[in-house]
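In what follows, a structure is listed as structure tokens, so that the remarks can point back to it.
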Amino acid sequence: MKIEQKKWSNQHTFTFGNDALNFAYKDKSGSGDVDIPYGEIPKKSSIRIEQNTWLRNVGYIWCVLGVIQIGLALVGGKPLSGTGFWLMLGAGCLAWSYFTKVKYTVFQAPNGSLFVIQDDKTHDKIIEELMSRRKLQMRAWYDHIDGNKSVEIELAKFKWLQEQDVLTKEEATQRISQVHAEYGVTTPPSPRTLN
């Protein structure tokens, strides 16, 4: 499955393979791609905003100059014709800076970052597909009892899987009971184990 995103000069392609995502990007600063296993994609994300700050700042300065120019014309009793030039130019720069802004949802994986453009068409579909495949792969990797590990490590693993939204609370409780049975622990798990 492949999903493409494009906004201004930014082109992102998400190719969903069986075990890993290929994220390819191209923008005004360059291009590249990275392969990221679904299980390495973190649960938490951040927001990044890409905006032409130089144009925005110049727009503010020109707006201020325009307002000062109009104010001086009003105070001095001069005609207002031609005095709104800087204000209009500044407002145009601010508008252009605002409408060319690109907002991303960012996932910082160990071997690369994923930038999902926040748009109305594909953003939510990409996130849902990533999280669904992440959950399946993490279950395949970790959702079993490893008899070579200590009981504490196994209990911590299932608690962590619950915190990562890979297991529900009920599933985690069931796995913890299985760990106790496997290791011959007779005391039931404390409520703190699952909180």
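Worth pointing out:
- Residues in the stretch 28-55 that are of a type in the set (A, V, I, L, M, F, W, C), within 19 Å of residue 10 (Cα to Cα) and within 14 Å of the chain's Cα centre (by Cα): 2 in all.
- Highlighted here are the strands (runs of 3 or more DSSP E) found entirely within the stretch 26-126 that include at least 3 residues which are among the aliphatic types (A, V, I, L, M): 102-109, 112-117.
- Among the conditions (1) within 30 Å of residue 160 (Cα to Cα); (2) in contact (Cβ under 8 Å) with a residue 60 or more places away in the chain, the only one that residue 10 does not satisfy is (1).
- Of everything in the stretch 34-59 that is among the hydroxyl-bearing types (Ser, Thr, Tyr) and at pLDDT 95 or above, the residue that is farthest from residue 103 (Cα to Cα) is 38.
- Some residue of the stretch 59-73 being in the same structural domain as residue 113 (by TED's automatic domain parsing), in contact with a Phe, Trp or Tyr (Cβ under 8 Å, 6 or more places away or on another chain), surrounded by 15 or more Cβ atoms within 10 Å (Cβ to Cβ) and polar (S, T, N, Q): no
The values are calculated or read from the model by the stated rules, or taken from the named source; none is laboratory data. Remember, predicted model here, so these are calculated numbers, not experimental data. Heads up, the Cβs are rebuilt from the backbone with ideal geometry, glycines too, and the neighbour counts pull from every protein chain shown.
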